[in-house]
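Input: a single structure, listed below in structure tokens.
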Amino acid sequence: MAAKLKKGDKVIVLAGKDKGKTGEISTVMPKEGKAVVDGLNMAIRHTRQSQSSQGGRLPKALPIDLSNLAIVDANGKPTRVGFRMEDDKKVRYAKTTGDVI
């Protein structure tokens with residue numbers, strides 16, 4: 001099955017503590033059905049100091065379920081993603097505007 005959300009897509013969070021915030025996808029984990037969005041769903045990770053790193057309390061972006069993310073269309077609104085064939089090539093498009101993503 002083709003991926004509706006990919007790395008680099010601008011998305012908006014539909015549910016959870018960061019509802020309404022937008023960001024860019026940095027990693028997608030299709031087997032788990034999750035994605036990491038830069039600057040969203042942040043948590044503090046305590047790391048021990050070592051010779052190579054300082055250690056301390058470091059913020060880290062945690063994965064968000066793909067069902068809680070929606071791609072942002074040209075108008076800045078959340079939209080669903082559809083697929084269609086254009087010139088013998090499968091492309092993703094925004095269902096609200098019909099524009100190719």
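The values are calculated or read from the model by the stated rules, or taken from the named source; none is laboratory data. Nothing here was measured: the structure is a model prediction, and the numbers come from that model. Ideal geometry is used to build each Cβ from the backbone, glycine not excepted, and the neighbour counts take in all protein chains shown. Accessible surface areas use protein heavy atoms only, side chains included; no ligands, DNA or RNA. Shrake-Rupley method; radii C 1.70, N 1.55, O 1.52, S 1.80 Å.
Structure notes:
- Against the conditions (1) more than 15 Å from the chain's Cα centre (by Cα); (2) closer than 14 Å to LYS6 by Cα, THR96 satisfies every one except (2).
- Residue match in the range 34-41 (condition: open to solvent by 30 Å² or more (accessible area, probe 1.4 Å), in contact with a helix residue (DSSP H, G or I) (Cβ under 9 Å, 6 or more places away or on another chain) and not hydrophobic (A, V, I, L, M, F, W, C)): yes
- Residue list for the range 81-94, filter: open to solvent by 50 Å² or more (accessible area, probe 1.4 Å) and either in contact (Cβ under 8 Å) with a residue 40 or more places away in the chain or of a type in the set (A, V, I, L, M) (or both): PHE83, MET85, LYS90
- Residue in the range 17-25 that is of a type in the set (A, V, I, L, M, F, W, C) and either surrounded by fewer than 18 Cβ atoms within 10 Å (Cβ to Cβ) or modelled with pLDDT under 95 (or both) present: no
- Scanning the range 56-75 for residues that are more than 18 Å from LYS34 (Cβ to Cβ) and open to solvent by less than 50 Å² (accessible area, probe 1.4 Å), we see that the one that is nearest to the chain's Cα centre (by Cα) is VAL72.
For every residue, the table says whether it meets (1) farther than 14 Å from LYS10 by Cβ; (2) modelled with pLDDT of 95 or more.
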| residue | (1), (2) |
| --- | --- |
| ARG45 | yes, no |
| ARG48 | yes, no |
| LYS60 | yes, no |
| ILE71 | no, yes |
| ASN75 | no, no |
| GLU86 | yes, no |
| LYS90 | yes, no |
| LYS95 | yes, no |
| ASP99 | no, no |
